[in-house]
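Colleague: Before I ask anything, here is the structure I am working with.
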Amino acid sequence: MGMNRRSAIEPVISHLKYDHNMIRNFLKGKEGDRINAILSAAGFNFSKLIRVFFLLFRKSYFFIVFIFNLSLVSFHF
């Protein structure tokens, strides 16, 4: 059980280190380590939130354009 959790967590830690600049810590001491980790995690979660927001915005935008184009079409029977 312990190895499965570790193998699931290590890619996330690697992603945080290399993509969210946790390799170098410019803050001093243990408090600086904590601040750096919290800010990196907040940035990671914020990027996920922004991605979902734009995905929902894109879907609603295409729906509105589709409805608008449908209203421009005249149906002749």
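The values are calculated or read from the model by the stated rules, or taken from the named source; none is laboratory data. Treat the numbers as computed from the prediction; the structure is a model and nothing was measured. Here the Cβ positions follow ideal geometry from the backbone for every residue, glycine too, while neighbour counts run over all protein chains shown.
Colleague: So, of the residues in region 46-77 that are of a type in the set (Gly, Ala, Ser) and under 23 Å from the mean Cα position of the chain (by Cα), which turns out to be modelled with the highest pLDDT?
Modeller: Ranking the candidates gives 47 first.
Colleague: Could you list, in sequence order, the residues of region 24-59 that are without any contact (Cβ under 8 Å) to a residue 12 or more places away in the chain, among the small types (Gly, Ala, Ser) and surrounded by 10 or more Cβ atoms within 10 Å (Cβ to Cβ)?
Modeller: Hits for region 24-59 are 32, 42, 47.
Colleague: Report yes if residue 21 is surrounded by 10 or more Cβ atoms within 10 Å (Cβ to Cβ), part of a loop (DSSP other than H, G, I, E, B), at negative phi and at pLDDT below 75, otherwise no.
Modeller: When the stated conditions are applied, residue 21 does not pass them.
Colleague: Going through region 24-44 one residue at a time, which ones are at pLDDT 80 or above and part of a loop (DSSP other than H, G, I, E, B)?
Modeller: Result: 28, single match.
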